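Visitor: Below is one structure. I have some questions about it.
All of the numbers you see were taken from the coordinates with simple rules; none came from a lab. Here the structure is a predicted model, which is why all the values come from computation and not from measurement. When we count neighbours, we look across all protein chains shown, and the Cβ atoms used for this are built from the backbone with ideal geometry, even at glycine.
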Amino acid sequence: MTANFTLIKEKSALLVLGIQEDSFGYMERPCEVLHSIQQAIKGFQILQLPIFVAEQNSKKYGATISPLKDILGPEQEYWHKTTFSCLSDVEIQKKILAMSIHQWILIGIEAHICILQTAKGLIQANKQVVVLNDAITSSSIYEFSTAIAELRDNGVRISSTETVLYELLHDSRAIGYDEIDNLVK
């Protein structure tokens with residue numbers, strides 16, 4: 001199963017999973033991953049594309065970390081879930097399936113749990129999924145690498161933040177090009 005598709009700006013959204021106070025610090029490469037996550041969020045804001053944030057069991061793992069909350073702003077809606085897949089939560093599933101978004105770009109933690117299970121749920125719902133390998137992580141490199149392999153095996157496209165932002169721009173004359181170009185430098 002291959003994930004051979006091109007992102008279309010009007011059909012795409014970003015889904016940020018589980019970047020929370022009591023869990024993010026235990027992940028592999030947290031500084032590098034946080035930088036890529038921030039770039040992805042800022043890039044989607046520049047392109048004026050939808051951004052959704054899901055928190056995993058926030059009573060246990062806390063809220064989304066402050067550096068992201070600051071970028072996302074006070075109007076950002078947060079989805080709260082205890083299921084590992086967003087699609088296994090009935091309320092979140094209803095929201096996702098009611099949207100005209102067909103292409104989902106996933107970032108966050110943990111790659112082998114919430115990212116993998118949400119990606120599988122989206123694929124089963126006939127959505128196209130891209131996971132940004134520089135903007136996801138797990139508690140160990142072994143879990144991360146296993147997740148990447150399983151994601152690919154399930155038809156998820158593996159890409160990077162910079163690749164996706166330029167693909168969504170499509171043209172160096174597009175609105176937002178200069179801002180994206182400065183963001184990734």
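Visitor: Please identify the DSSP H helices in the chain that span no less than 20 Å along the helix axis (Cα) and have a mean Kyte-Doolittle hydropathy of -0.5 or more.
Guide: 30-46
Visitor: Moving on to the next point. Tell me the relative contact order for segment 1-99 as a rounded percent, counting alpha carbon contacts under 8 Å between residues six or more apart.
Guide: Dividing the mean separation by the residue count of segment 1-99 yields 30 percent.
Visitor: State, to one decimal in nm, how far the label point of residue 82 lies from the label point of residue 10, with both points 7 Å from Cα in the Cβ direction.
Guide: 4.2 nm
Visitor: Which of 18, 73, 43 ends up with the largest GNM mean-square fluctuation for the chain, with Cα atoms connected below 10 Å?
Guide: 73
Visitor: I've got another one for you. Can you give me the relative contact order of segment 76-118 as a percent, contacts being Cα pairs under 8 Å and 6 or more apart?
Guide: 46 percent
Visitor: With 10 angstrom as the radius, rank 99, 27 by how many other C-beta atoms surround their C-beta, starting from the fewest.
Guide: Ranked by crowding around the Cβ, least crowded first: 99, 27.
Visitor: Relative contact order for segment 99-175: what is it in percent, counting Cα pairs under 8 Å that are at least 6 residues apart?
Guide: 32 percent
Visitor: By a straight-distance test (C-alpha under 16 Å), which lysines pair with residue 95 as possible cross-link partners, with residues fewer than eight away in the same chain excluded?
Guide: Here the lysines satisfying the reach criterion relative to residue 95 are 11, 81, 127.
Visitor: What FRET efficiency comes out for the pair residue 178/residue 149, r = Cβ-Cβ distance, R0 = 41 Å, nearest 0.05?
Guide: Calculated value: 0.65.
Visitor: Which percentage, to the nearest 5, of the DSSP beta bridges contained in the chain is antiparallel?
Guide: 5 percent
Visitor: In nm, what is the difference between 0.36 nm times the number of residues separating residue 32 and residue 71 and their Cα-Cα distance?
Guide: Difference between extended and current length: 12.4 nm.
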